[in-house]
Amino acid sequence: MKKVMLSMLLLLSFLFFFHGEAAVPCTTVDAKAAACVGFATGKDAKPSAPCCMGLQQLAQTVKTVDDKKAICRCLKAGAKSLGIQDRFLSKIPQACNIKVGFPVSVNTNCETIH
């Protein structure tokens, strides 16, 4: 569960361009992003429909900048241990038709997200 949370931090950090109120719990992040791990590690040829749907649903839960940062931190914590690769991670926004306002990377600084 922790591995999923960490890998998805990076995948979802690009989703956090919405505005709102409450913090999104890591359990929600884990559940919505879990289906993306295969693609982000290079095991799957493309992001699955459940991956894209989960990320789109997660993006809709973001209400504040603090939500964005919290989700980013939650996912980033374990991304490297899961073998998440930037070359796959960076393709997820376009493949899932999700527009983001900053580069998607394992090196994203969660504290600079607006």
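The values are calculated or read from the model by the stated rules, or taken from the named source; none is laboratory data. The structure displayed is predicted, hence computed values, not measured ones. Cβ placement follows ideal geometry from the backbone for every residue including glycine, while neighbour counts extend to all protein chains displayed. The accessibility values were calculated without ligands, DNA or RNA, using every heavy atom of the protein model including side chains. Shrake-Rupley method; radii C 1.70, N 1.55, O 1.52, S 1.80 Å.
Before moving on, here are some points about what is shown:
- A cut-off under 14 angstrom between Cβ atoms defines the neighbours of Ser48, and their net charge, with Lys, Arg +1 and Asp, Glu -1, is +3.
- Probe 1.4 Å - accessible area at Thr41, Å² to nearest ten: 20
- Rounded to the nearest 20 debye, the dipole magnitude of segment 60-114 is 100 debye, with +1 charges on Lys and Arg beta carbons, -1 on Asp and Glu beta carbons, and the Cα centre as origin.
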